Amino acid sequence: NVAERRSGGRLGVTYAARLPIISAWAGSAGRSEQFDVRTNAGIARDTYNWRESSLGLQVQVPLQLTRSVFRTNATLFGSIEAVRVSNSTRPASLGLDTRRAEGDVRPVTIGLAYSRQYQWIRDIFPVHGQFVNVFLRSTPLGGTFTGRQYVAQGRLFIPGLAKHHGVRIDVGVDQQVLRLSADAPTPYRFVNQLPFARGYSSISAPQM
């Protein structure tokens with residue numbers, strides 16, 4: 001996780017003999033959050049960490065829509081996870097005791113991915129191409145934490161300056177609702193889906 005400067009791993013199995021494609025996995029990963037601290041010298045930024053252990057199940061339905069030289073595909077997907085949050089170092093000064101900083105979150109995700117591309121065998125990337133990925137992640141199954149995440153990502157490939165050269169343009173938005181209502185359980189921040197450019201320090205924000 002480049003944005004949070006933490007690492008993790010996942011072990012899974014996929015059944016793809018016939019539709020739908022079904023995948024199951026178990027994983028463990030480190031997470032981190034940044035917050036501002038007021039000091040005598042001004043405002044400083046600090047970080048607290050926690051650990052997540054997860055079990056997940058995903059279903060995918062790929063659709064091949066090609067009718068020309070452009071390869072056109074769409075994939076419908078949905079997943080459900082059970083995540084255990086532990087080993088939190090969140091300070092009490094942020095208004096949340098350790099017991100409420102640890103617990104369970106059960107995300108449910110539904111989404112659609114679409115791609116349309118034209119590429120020769122010698123091209124590293126498509127000469128022409130459009131990719132779109134949109135999904136909604138929420139916590140309707142309850143748990144210690146609640147949250148909601150809307151993500152839309154787009155990628156455009158256009159011809160470059162020379163043969164087999166191209167230009168890639170990425171756009172995206174990641175919107176998170178950290179408090180679903182005034183009396184909702186503890187808010188949960190999902191992993192941000194947008195990459196950070198090199199040379200820029202990572203940040204955590206409800207909208208990116």
Legend entry - Principal axis box of the chain, alpha-carbon based, largest edge first, Å: 60, 45, 31
Legend entry - Cα-centred dipole magnitude for the chain, charges only on beta-carbon of K, R (+1) and D, E (-1), debye, nearest 20: 500 debye
Inset, instruction - Determine, for each peptide in 172-182, 142-152, 38-48, the mean count of other beta carbons within 10 angstrom over its residues, then list the peptides with the highest first. - result: 142-152, 172-182, 38-48
Inset, instruction - Note the direction-averaged projected area, equal to a quarter of the hull surface, for the Cα convex hull of the stretch 84-191, in nm². - result: 9.7 nm²
Inset, instruction - Lys and Arg at +1, Asp and Glu at -1: add these up for the other residues within a Cβ distance under 12 Å of Phe35 and post the number. - result: +1
Legend entry - Cα→Cβ-extended label distance, 7 Å offset, between Ile110 and Ile80, nm: 1.3 nm
Legend entry - Cα-only radius of gyration and Dmax that characterise the stretch 121-177, units Å: 17.4, 54
Inset, instruction - Report the net charge of residues surrounding Gln175, where surrounding means a beta-carbon distance below 14 angstrom and charges are Lys +1, Arg +1, Asp -1, Glu -1. - result: +3
Legend entry - Given charges at beta-carbon only (K, R positive; D, E negative), |dipole| of the stretch 1-111 in Debye: 300 debye
Inset, instruction - First select every other residue whose beta carbon is under 12 angstrom from the beta carbon of Pro159; then total the charges, Lys and Arg +1, Asp and Glu -1. - result: +1
Inset, instruction - Please work out the C-alpha center-to-center distance from the stretch 1-24 to the stretch 33-67 and express it in whole Å. - result: 16 Å
Legend entry - Extension gain (nm, one decimal) between Val167 and Thr72, 0.36 nm per residue minus Cα-Cα: 32.2 nm
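Bear in mind that the values in this text are calculations on the coordinates, not laboratory data. Bear in mind the structure is a predicted one, so any value in this text is a computation, not a measurement. Methodologically, a virtual Cβ is constructed for each residue, glycine included, from the backbone with ideal geometry; neighbour enumeration extends over all protein chains shown.
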